[in-house]
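The values are calculated or read from the model by the stated rules, or taken from the named source; none is laboratory data. Because the structure is predicted, anything quoted here is derived from the model rather than measured. Cβ sites come from the backbone with ideal geometry, for glycine too, and all protein chains shown count toward neighbours. In case anyone asks, the SASA skips ligands and DNA or RNA and just uses the protein heavy atoms, side chains included. Shrake-Rupley method; radii C 1.70, N 1.55, O 1.52, S 1.80 Å.
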Amino acid sequence: MGGYDHKKIEKKWQKKWEKDGLYKTPDTSKGKDNFHLLVEFPYPSGNLHVGHWYAFAVPDILARHLRMQGKNVLYPIGFDAFGLPAENAAIKNKLNPRKWTLGNIEYMKKQIRSMGTSFDWSREVVTCDPSYYKWTQWLFLQLFKAGLVYRKETAVNWCPKDKTVLANEQVVDGKCERCDSEVVQKQMLQWNIKITDYAERLIGDLDALDWPKEIKESQKNWIGRSEGAEIDFPLTGAVKDDSRFLLLHGRESSSEGEYQPWLKAELEKRGYEVEVVDMPNPSEPDDEEQADHVEKHCTLDERTVVVGHSFGGVVAMRLLERGNKVRRVVFVATAVSGKFLDGKIRKSVTRACKKGFDFEKIKKQARTFMVVPDLTDKIIPISDAEALAKNLNAMYVPGKGNSPHFTGEKEPDVLMMCAPTIRVFTTRADTLFGGTYLVLAPEHPWVTLALDNKHNVLKNKEEVLTYVGKAKKKTEIERQAVEKEKTGVELKGVKAINPATGREIPVWVADFVLGHYGTGAVFADAHDERDFAFAKKYGIPLKETLEPLVVRTSGADTVRDGEPFMERNSAMAFVQHWSEDKYLTVKYKPVDVRGCVSGGMHEGEDAVAAAKREIAEETGYANAKLVRKLGGTIHSKYFSDNRKTNTFAHFTPMLFKLEDGTQVDVTPDEKSRHEVSWVSANEMTAFINHEDWRIAWTRVQSDACYAGRGVLFDSGEFDGLTSDEAIPKVGAKFGRLVKQYHLRDWIVSRQRYWGVPIPIIHCPKCGPIAVSDKELPVKLPEVKDYLPEGSGKSPLAKVKKFVQVKCPQCKGKAERETDTLDTFVDSSWYFLRYTDPKNSKQFAAGSKQKNWMPVDLYSGGAEHTTMHLLYSRFWHKALFDLGLVGEPEPYTRRMNRSLILGPDGQKMSKSRGNVIDPDEVVGRLGADTVRMYLAFIGPYNEVSSFPWNPDGVVGVRRFLERIARFQECVSDEDVPELEGILHRTIKKVGDDIRALKFNTAISQLMIFLNHAEKQRKASRTQWDGFIRLLAPFAPFLSEELWHDVGHKTSIHEARWPSYDAARLEEASITIAVQINGKTRGQASVAPGSDSMTHEAAATKAVQDRLSGKKIVRTVVVPGRLVNFVVEE
RNA sequence: GCCGGAGUGGCGGAAUGGUAUACGCACACGACUCAAAAUCGUGCGGGGCAACCCAUAAGAGUUCGAGUCUCUUCUCCGGCACCA
């Protein structure tokens, strides 16, 4: 093929570059700015596909260009080597996943090298290497020690036949991918990371990032903030019990401390007797001394509910150990281990805890125990609460404190656990007065409590138990099947009080309410489609409290900003035909408002009379009779074309029927403005073009739910307010304004073999404990069989040597955690390791990080927009807060690349047989061709997809051959004709590369070659410049040509050519000559000429057309066009 | 349903509000050749002999001038979705 032997060239230069260490990137280079260009590291699946080429070879163009521009560019690579495919291959083919993975890596490295990318392999990172995952474990433990990691019962996909936990990807249509049996939900203790604590910052910090808008929007969407209010509904009926409360405060507190007075008042409001006690020596408390004090001064009997806050909980346990029997104990943020998150010493507490507790004895002294840790606690570790709940077989109900450690003046989560109160979350507090029932999620803690054997509050316990049991068994997918009818059961014997109206309302359980969102409970009203349908189905009463309010925001009657409104009462009438099932429509022609008859009421006229008059005036029909009013009022704001003012109309919607077809005369004026016609009920929906009419029409046909915004009525002091005004006011008065997020905490536990072992030891006494730094890494043990153990634990659980350890604290028997970490943890920090890949003392030294962080540009796939990008941003922020990294955001600029499809326009897949094998194309046409074709195929930084065109790639090859051939035409002779185009090319190629518009950069290179070929010659200097422009795109060929003309050093170390702004223009340029904006001819002028108008007027086309016409205006765009505006 | 993005020749696509269709592919014709391939040259949105007219999903608007800005509608793609 021509004189271009790509195989020889590519082999030669690949070897030479590697020998010279051309792409070894120093941490710093004198006089050069650093630039960190990051691409997502690949999973070692074993074979390189076109997607990899697209992901690595195209950004390499930018890397090479920036280097030629004098930047010290780090373009690193590694392998995301843990994960499911290796394990699946291991199970299926009886392979060792490590060997499988490392073998794949070796093979893929060879392939990647063939691309001619300038990766610095000396910084390669492999996540399954113990020298890497040691630091993954270490970083995980830093978050653990900072209280950002906790365990929680979470539903996992469980295959009953394989007895294994399934990843979401392994569940296909609700069935196990492997054995096709039905997947069920199973509750298991899983490690979670508190990403939700960072939700607000993850949204807020997006603003400052140079990221495409759509990625930011996606992330915001994923986090899903909604602003609303939390409102408490006290329960009655069930709670008319004779409980009495004893409140025990904690260390450094008193009966007046923290929430104690507030809680007492709240409980008394609900009719309970409450006793508070001041403990002796609160600053250095002694558990036994305080227990003595309580025994002496307080009543402890089987009616008593003891609420122990912090150290008060310890005292409560001592009291029970001594044989005191009570009804219930609520442990609020109680210490058990004597260890604290903030590292401070609280000697008295630790001493008391060290003595241990006789849980078996305590368990027998009360009917129920509740453990209420604060998830935002900065003192007591969450593991204390877990251990306590486990030991006492207690209800474990984590809450969130108003202040950490429940030290606020009001702590509603504590109240909720003492006296039954249901907290709901709503974004529509404006409908609170119409809240006629409550709905709880089946997993709501209060439902669990009510179903507990020790209570007898429900009259239909069996029914509820059955329903809740069924709901819990359902998989997430089933529960999310939206089309399905909603089901639920009433909790009979229990009522809630609507705090706004004071009325008792029924309480239901239904699985359409999600346990994990908001508070797991909602109040329901007539202005929500779902609540409305549910109430109709079960005959629950509803109460409307909103009249619709419509603001017209499109078309000619759009409300005019800043102008006053004229209020008027109006009639709105649907008129039915006297014999057919048809309705009258009226189109108000001047502004295309399509509806029915409407008009303002005159002085002394009621709505019905006004409607009858308007019917006659607009349509001529005389004998209309009222069928019924269509309920309430519909408010509408619009600009009245008729009166030329903003109007705030209050419509009374009505249905009329004509008794006969009698008509009176319609004035010509009315006729000209209104177009009247008859339509069927079905056509009406399409005819109406305004929301207010549409709302009224839905009421003609059935009683429909109005779920939009409106004006409040029957809502006490809030009557007359609009929804938007009322939402914050009502929310603040009856509850508190809060934000909720759809984002859930990050579950990192995987019951899998091929991952990073979670470095935790479980001690039956001390709870979960971090493995000490010097024991890291906790190495992944070898196992014989990669199938999970039958109980749902990972295969690690079968390795006794691995599992059985001593507790690092109490030296007793303990067990290692056997779950492994989600691989998203591995990839949340890999770019940090690139900055200091060999460090055995630290994950990356701060001084090294500084060279390359934050990442200047991160290029990757759109599929990582929400998961990987969000997790790694969170991880980085957590490390930033711990002082381990120097900046709160890891990636300054991000771009999502497009997608390469098969030649048939479909996603490449083996089953479709449309897979392009890059190795084959490279063998046939060369790596330079493949790189360049991929860059040329379409814009790189727009999320789009491009089919691989086998003809198109040959076209690029032809271009490279023409370049190779043209080198013979280069001589020392000057070719001034090429100067302008060369300088324009230098400018455009550079600009386009930096804007990631590689496709137009290449087209500009092609344009230059077309020019050169037309001249059949180019000077040596010009050609040198052109080859350097080509170098980032075709590194092999350009290097070959460069050396061919006598250069001794690599073209990739050459400087990027510079252009001369003065030489961008040609000697004469062609401008367009327009008349009234239409191009009528062309004129040739000198650049910067001030006689453009003159030249343009002299053209024949203009002279012919302008004769006898008056030029009103002349628009001149320098270097572009002259436009003569003439009178028509 | 909600949130994004996009609709330009036969195809991939180009176009700071300023000559729409650059560049490439495909196609057609021509040159070279005994012939073919390769290569080179010419043409290539639609209509019209032409002057010219019509075309950037459809419709309106702003402007001397709109693929580009505004509004409405349609279609396609991506994400989220019983989220209270």
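For this structure, a couple of remarks:
- Within region A:522-543, the residues that satisfy the criterion of being near RNA strand B (Cβ under 7 Å from one of its atoms) and buried (at least 19 other Cβ atoms within 10 Å of the Cβ) are A:Val522, A:Asp528.
- Within region A:343-354, the set of residues being surrounded by 14 or more Cβ atoms within 10 Å (Cβ to Cβ) and under 18 Å from A:Asp377 (Cβ atoms) comprises A:Arg346, A:Val349, A:Thr350, A:Cys353.
- Among the conditions (1) surrounded by fewer than 20 Cβ atoms within 10 Å (Cβ to Cβ); (2) more than 15 Å from RNA strand B (Cβ to nearest atom); (3) farther than 29 Å from A:Arg1063 by Cα, the only one that A:Glu973 does not satisfy is (3).
- For region A:781-800, filtering for residues that are farther than 15 Å from A:Ile758 by Cβ and surrounded by 15 or more Cβ atoms within 10 Å (Cβ to Cβ) leaves 7.
- Number of positions in region A:304-341 that are within 41 Å of the chain's Cα centre (by Cα), over 21 Å from A:Ser255 (Cα atoms) and not hydroxyl-bearing (Ser, Thr, Tyr): 5
- Looking only at region A:499-514, residues that are open to solvent by 30 Å² or more (accessible area, probe 1.4 Å), at pLDDT 85 or above and under 17 Å from A:Phe233 (Cβ atoms) come to 4 in all.
- Residue in region A:1024-1043 that is among the β-branched types (Val, Ile, Thr) and open to solvent by 20 Å² or more (accessible area, probe 1.4 Å) present: no
- Output for region A:944-970, where each listed residue is in contact (Cβ under 8 Å) with a residue 40 or more places away in the chain, open to solvent by less than 50 Å² (accessible area, probe 1.4 Å), under 40 Å from the mean Cα position of the chain (by Cα) and more than 8 Å from RNA strand B (Cβ to nearest atom): A:Trp948
- With respect to the conditions (1) at pLDDT 90 or above; (2) within 34 Å of the chain's Cα centre (by Cα); (3) surrounded by 20 or more Cβ atoms within 10 Å (Cβ to Cβ), A:Tyr706 falls short on a single one, namely (1).
- Of the residues making up region A:1028-1048, just one is in contact with a Phe, Trp or Tyr (Cβ under 8 Å, 6 or more places away or on another chain) and over 18 Å from A:Ser118 (Cβ atoms), namely A:Val1045.
- Residue identified as touching a residue at least 60 places away in the same chain (Cβ under 8 Å) and either away from RNA strand B (no atom under 11 Å from the Cβ) or within 30 Å of A:Arg1063 (Cα to Cα) (or both) among A:Arg912, A:Arg924, A:Arg897: A:Arg897
- Criterion: touching a residue at least 12 places away in the same chain (Cβ under 8 Å), more than 10 Å from RNA strand B (Cβ to nearest atom), more than 28 Å from A:Gly116 (Cα to Cα) and aliphatic (A, V, I, L, M) - qualifying residue of A:Leu934, A:Leu882: A:Leu882
- Residues that are surrounded by fewer than 16 Cβ atoms within 10 Å (Cβ to Cβ) and closer than 20 Å to A:Leu1041 by Cβ within region A:1008-1020 comprise A:Asn1010, A:Glu1013, A:Gln1015, A:Arg1016, A:Arg1020, listed in sequence order.
- Against the test of being open to solvent by 30 Å² or more (accessible area, probe 1.4 Å) and aromatic (Phe, Trp, Tyr), the options A:Phe369, A:Phe331, A:Phe357, A:Phe311 yield a single qualifying residue, A:Phe357.
- Among residues of region A:499-518, those that are among the hydroxyl-bearing types (Ser, Thr, Tyr) and either within 14 Å of RNA strand B (Cβ to nearest atom) or assigned to a strand (DSSP E or B) (or both), counted: 1
- Taking region A:854-877 as the range and being of a type outside the set (Val, Ile, Thr) and more than 18 Å from the chain's Cα centre (by Cα) as the test, the residues that pass are A:Pro854, A:Asp856, A:Leu857, A:Tyr858, A:Ser859.
- Residue match in region A:985-1007 (condition: assigned to a helix (DSSP H, G or I), surrounded by 14 or more Cβ atoms within 10 Å (Cβ to Cβ) and away from RNA strand B (no atom under 16 Å from the Cβ)): yes
- Those helices (runs of 4 or more DSSP H) lying entirely in region A:596-692 with at least 1 residues over 51 Å from the mean Cα position of the chain (by Cα) and of a type outside the set (Ser, Thr, Tyr): A:607-619, A:668-673
- Region A:114-127 residues that are closer than 15 Å to A:Phe41 by Cβ, paired with ones that are of a type in the set (Val, Ile, Thr) (beta carbon under 6 Å, 6 or more apart): A:Phe119/A:Ile77; A:Asp120/A:Thr25
- Hey, A:Ala1034 farther than 30 Å from A:Asn999 by Cα and within 16 Å of RNA strand B (Cβ to nearest atom) or not: no
- Test set (1) over 16 Å from A:Asp60 (Cα atoms); (2) open to solvent by 60 Å² or more (accessible area, probe 1.4 Å) - A:Phe936 fails condition number: (1)
- Within region A:19-55, restricting attention to residues that are acidic (Asp, Glu) and in contact (Cβ under 8 Å) with a residue 60 or more places away in the chain, the residue that is most open to solvent (accessible area, probe 1.4 Å) is A:Asp20.
- When residues of region A:187-226 are limited to those that are closer than 23 Å to A:Phe880 by Cβ, away from RNA strand B (no atom under 16 Å from the Cβ) and among the aliphatic types (A, V, I, L, M), the one least open to solvent (accessible area, probe 1.4 Å): A:Ile193
- If only residues of region A:594-609 that are touching a helix residue (DSSP H, G or I) at 6+ places or on another chain (Cβ under 6 Å) and closer than 10 Å to A:Ala571 by Cβ are counted, the one that is most open to solvent (accessible area, probe 1.4 Å) is A:Met601.
- Test: residue in region A:79-92 that is within 28 Å of the chain's Cα centre (by Cα), at pLDDT below 95 and part of a helix (DSSP H, G or I): yes
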